[in-house]
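Chemist: The following block contains the structure, expressed as structure tokens.
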Amino acid sequence: MKYFEYNTYFIDGDKKRVSIGARCGLANTLFNTASGSIVVGDGCAFGYNVMILTGRHNFTDGVRASTLNSRDTGWGGGDAEVPPAGRDIFIGSGCWIASGVIVSGGVTIGANSIIAAGSVVVRSIPPGSIAAGIPAQVVGSTKQ
């Protein structure tokens with residue numbers, strides 16, 4: 001895999017669950033694979049401090065699953081709290097994910113899309129879209 005020079009990314013979790021295409025720039029991007037895999041297509045550019053987060057925490061009757069077992073001395077509660085699968089993220093080729101974006105698990109960002117700085121992606125974005133906001137919504141098109 002070839003990347004641009006400003007790749008200072010970090011993978012929190014199983015590195016085998018991350019697939020990054022050719023010619024991507026990953027400026028200080030965090031990839032969290034706690035609850036799924038992450039696939040990034042070719043030619044994607046990431047701004048600074050992007051977070052791609054598959055992880056989630058389960059609650060039971062309004063309480064974090066790990067707090068239900070008083071014998072659990074860890075913070076996370078294992079699979080009961082953080083499911084190991086089901087929250088995959090797919091980012092199509094040619095995307096620009098601007099600085100400070102957060103992408104939540106279980107979404108697809110279609111090829112050749114732009115996600116504006118500071119946006120939070122909680123739903124899938126169609127190919128060729130410009131999306132912005134919290135939560136991110138389609139506000140335009142990259143097609144002319």
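Chemist: Considering only residues that are among the polar types (S, T, N, Q) and on the phi > 0 side of the Ramachandran plot, which ones fall in region 91-144?
Modeler: Listed by number, the list holds a single entry, ASN112.
Chemist: To continue, here is another question. If you check ARG123, ARG87, which single one turns out to be in a loop (DSSP other than H, G, I, E, B), closer than 22 Å to ARG17 by Cα, among the charged types (D, E, K, R) and touching a residue at least 40 places away in the same chain (Cβ under 8 Å)?
Modeler: It is ARG87.
Chemist: I need a count of the residues in region 91-105 that are buried (at least 17 other Cβ atoms within 10 Å of the Cβ) and either of a type outside the set (A, V, I, L, M) or over 14 Å from the mean Cα position of the chain (by Cα) (or both).
Modeler: 7
Chemist: Now for a different question. So which residues in region 11-21 are at pLDDT 90 or above, surrounded by 12 or more Cβ atoms within 10 Å (Cβ to Cβ) and in a loop (DSSP other than H, G, I, E, B), if there are any at all?
Modeler: Across region 11-21, the qualifying residue is only GLY21.
Chemist: All but one of (1) at pLDDT 95 or above; (2) over 21 Å from ILE20 (Cα atoms) hold for SER113, so report the exception by its number.
Modeler: SER113 satisfies every listed condition except (2).
Chemist: Every residue in region 22-40 that is touching a Phe, Trp or Tyr at 6+ places or on another chain (Cβ under 8 Å) and either surrounded by 20 or more Cβ atoms within 10 Å (Cβ to Cβ) or in a loop (DSSP other than H, G, I, E, B) (or both), please. Before the answer, list the steps.
Modeler: To start, the set of residues in region 22-40 that are touching a Phe, Trp or Tyr at 6+ places or on another chain (Cβ under 8 Å) comprises 23-31, 38-39.
Selection gives ARG23, CYS24, LEU26, ALA27, ASN28, THR29, PHE31, ILE38.
Chemist: Can you pull out the residues in region 108-129 that are hydrophobic (A, V, I, L, M, F, W, C) and crowded, with 18+ Cβ neighbours inside 10 Å? Walk me through it before giving the result.
Modeler: Narrowing region 108-129 to residues hydrophobic (A, V, I, L, M, F, W, C): 109, 111, 114-117, 120-122, 125.
Once the filter is applied, which keeps residues that are hydrophobic (A, V, I, L, M, F, W, C) and crowded, with 18+ Cβ neighbours inside 10 Å, region 108-129 yields ILE109, ALA111, ILE114, ILE115, ALA116, VAL121, ILE125.
Chemist: Please determine, by comparing only the residues of region 38-79 that are among the basic types (Lys, Arg) and closer than 30 Å to ILE109 by Cα, which one is modelled with the highest pLDDT.
Modeler: Of the residues in region 38-79, the ones among the basic types (Lys, Arg) are 56, 64, 71.
Narrowing further to those that are closer than 30 Å to ILE109 by Cα: 56, 64.
Details: ARG56: 81, ARG64: 77.
For region 38-79, the residue satisfying everything is ARG56.
Chemist: Within region 121-140, can one find any residue that is within 28 Å of ALA85 (Cβ to Cβ) and of a type in the set (D, E, K, R)?
Modeler: yes
Chemist: Take region 116-130 and flag every residue that is closer than 14 Å to VAL50 by Cβ and either modelled with pLDDT under 95 or among the small types (Gly, Ala, Ser) (or both).
Modeler: Of everything in region 116-130, those that are closer than 14 Å to VAL50 by Cβ and either modelled with pLDDT under 95 or among the small types (Gly, Ala, Ser) (or both) turn out to be ALA116, ALA117, GLY118, SER119.
The values are calculated or read from the model by the stated rules, or taken from the named source; none is laboratory data. Being a predicted model, the structure only gives us computed values, none of them experimental. Note that we place each Cβ from the backbone using ideal geometry, even for glycine, and neighbour counts take in every protein chain shown.
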